[in-house]
1. Taking volume of the Cα convex hull per residue in Å³ straight from the coordinates, which label in (i) 114; (ii) 246; (iii) 105 is the correct one?
2. Given the options Asp12, Asp27, Asp52, which has the most mean-square fluctuation in a GNM of the chain, springs set between C-alpha atoms less than 10 angstrom apart?
3. Which whole-number percent gives the relative contact order of the chain, counting Cα pairs below 8 Å spaced six or more residues apart?
4. I need the peptides 3-9, 19-25 ranked by packing, meaning the mean over residues of other C-beta atoms within 10 angstrom, with the highest value on top.
Amino acid sequence: MNKDRVEGKVKDIAGRVQRQAGEWTGDPESQAKGAAKQVEGKVQNAWGKAKDAVGKKSDDASASKPPRPVPAETEEDEERKSRG
């Protein structure tokens, strides 16, 4: 779980609380701000999930590939190095 997912969840919950408080008090501005914060949190959380998924795929792909063999140097390669 990365930073974006945590921060997104916190914003989502804070937005819910603010929106609900606005509903209880009859304050439409607070309701709107809370709903906006909630949406922002959901988007940030989704972005964090996407980043985690990409990172996991990348880790899985690199772990499943066998290491590429290093070609052995030929006599020609050694001669080039000594000349050059």
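Computed from the coordinates by the stated procedures, all read-outs in this text should not be read as laboratory data. In this text the structure is predicted, and so the values were computed from the model without any measurement. No Cβ is skipped: glycine too gets one built from the backbone with ideal geometry, and neighbour counts run over all protein chains shown.
1. The listed entry that was calculated here is (i).
2. Asp27
3. 32 percent
4. Sorting 3-9, 19-25 by mean packing, highest first, produces 3-9, 19-25.
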